[in-house]
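The values are calculated or read from the model by the stated rules, or taken from the named source; none is laboratory data. Keep in mind it's a predicted model, so treat the numbers as computed, not measured. Every residue, glycine among them, receives a Cβ derived from its backbone with ideal geometry; neighbour counts consider all protein chains shown.
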Amino acid sequence: MSHQKRLSAPKHYPVDRKGLTYTTTAEGSRSPDQGITAVVFLREVLGYAETKKEAKQIVKNGNLVRNGDTVRDVRDTIGVMDLVEITETGESFRVLPRAESLEFHETEDDRRAVKITGKRAEGENNIYSFHNGENYRTDEEYSTGTTLIFNDEVKSAEIAEGEETIILDGKHSGKIATVEELHGRGMRSDTATVETDESEFEIRQDKLFATGDLEVGQ
């Protein structure tokens with residue numbers, strides 16, 4: 001099993017860099033650049049475990065749920081926009097991007113939200129790839145960049161003029177931004193002019209996550 005010393009852990013990890021203690025290397029479909037392992041979440045963020053062994057016991061008991069699925073391994077990654085639930089306490093947290101780290105925002109909005117990053121046809125169905133590495137099969141038609149919000153039904157939110165988004169990456173990460181204008185760039189990445197409470201600027205559309213009526217902590 002591979003480990004990382006706390007001193008070398010990614011900057012977005014909410015850990016004290018004490019040098020001799022180890023953090024488990026992230027595994028799974030989510031990007032380690034925008035997520036933390038389950039053991040770090042349980043130990044450093046929530047304080048529900050003092051050791052990796054205690055975190056493993058919480059996971060073994062089925063008390064950690066990510067986007068509706070029970071987490072089975074403390075090395076699994078909890079990533080940006082994931083909904084994480086602690087079944088024993090009834091708490092729910094949404095993982096939000098921030099400029100220097102991640103925010104684990106306690107919420108009562110228990111809907112799962114994902115952004116479509118790719119699409120392929122398979123028979124009469126479409127297979128959609130999501131920003132967190134997961135896939136979804138349906139006969140419904142959606143555009144790349146669309147956010148799907150799952151509850152009893154599936155709702156969609158588009159990156160469109162006048163709509164709110166949250167910025168996923170870069171120096172404005174975590175800011176709520178209203179789309180003012182969309183720009184096509186041909187072979188280059190499409191961009192958008194957006195406005196936050198502080199400024200107006202142009203940004204690549206793949207850095208935006210349409211929020212619709214999702215509760216994102218601001």
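Residue by residue through region 176-218, note down the ones that are in a strand (DSSP E or B) and either of a type in the set (F, W, Y) or in contact (Cβ under 8 Å) with a residue 40 or more places away in the chain (or both).
Residues satisfying the conditions are I176, F201, L208, F209, A210.
Hey, among the residues in region 100-132 that are charged (D, E, K, R), over 13 Å from the mean Cα position of the chain (by Cα) and assigned to a strand (DSSP E or B), which one's nearest to L214 (Cα to Cα)?
Per the stated criteria, the residue is E106.
Condition first: closer than 15 Å to N67 by Cα and in contact with an Asp or Glu (Cβ under 9 Å, 6 or more places away or on another chain). Now tell me which residues in region 95-110 satisfy that.
V95, L96, H105, E106, T107, E108, D109, D110 - these are the residues of region 95-110 that are closer than 15 Å to N67 by Cα and in contact with an Asp or Glu (Cβ under 9 Å, 6 or more places away or on another chain).
Could you go through region 159-169 and let me know if any residue there is at pLDDT below 95, among the acidic types (D, E) and outside any strand (DSSP E or B).
Yes: region 159-169 contains one or more residues that are at pLDDT below 95, among the acidic types (D, E) and outside any strand (DSSP E or B).
Determine which single condition R66 fails, assuming it passes every other condition in (1) surrounded by 20 or more Cβ atoms within 10 Å (Cβ to Cβ); (2) over 18 Å from Y48 (Cα atoms); (3) in contact with an Asp or Glu (Cβ under 6 Å, 6 or more places away or on another chain).
Failed condition: (2).
The conditions are (1) in contact with a Leu (Cβ under 6 Å, 6 or more places away or on another chain); (2) farther than 23 Å from P97 by Cα, and A192 fails exactly one of them. Which is it?
Of everything listed in (1) in contact with a Leu (Cβ under 6 Å, 6 or more places away or on another chain); (2) farther than 23 Å from P97 by Cα, A192 misses just condition (2).
Return the residues of region 42-53 that are touching a residue at least 12 places away in the same chain (Cβ under 8 Å) and of a type in the set (D, E, K, R); say none if nothing qualifies.
Within region 42-53, R43, E44, K52 qualify.
Out of E180, E164, E153, which single residue is more than 29 Å from V45 (Cβ to Cβ) and surrounded by 13 or more Cβ atoms within 10 Å (Cβ to Cβ)?
On inspection, the qualifying residue turns out to be E180.
Could you list, in sequence order, all residues of region 170-198 that are at pLDDT below 95, over 20 Å from H131 (Cβ atoms) and not hydrophobic (A, V, I, L, M, F, W, C)?
Once the filter is applied, which keeps residues that are at pLDDT below 95, over 20 Å from H131 (Cβ atoms) and not hydrophobic (A, V, I, L, M, F, W, C), region 170-198 yields H183, G184, R185, G186, R188, D197, E198.
Given T146, T138, which one is outside the structural domain of R204 (by TED's automatic domain parsing), closer than 19 Å to K207 by Cβ and of a type in the set (V, I, T)?
Matching residue, one of T146, T138: T146.
So which pairs qualify, if the first residue must be in region 136-162 and farther than 13 Å from V114 by Cα, the second must be assigned to a loop (DSSP other than H, G, I, E, B) and modelled with pLDDT under 95, the Cβ gap must be under 8 Å, and the two must be at least 6 apart or on different chains?
Sorted first by the residue in region 136-162, then by its partner, the pairs are D139/E124.
Would you point out the residue of region 106-127, among those that are over 28 Å from G217 (Cβ atoms) and of a type in the set (D, E), that is surrounded by the fewest Cβ atoms within 10 Å (Cβ to Cβ)?
The selected residue is E124.
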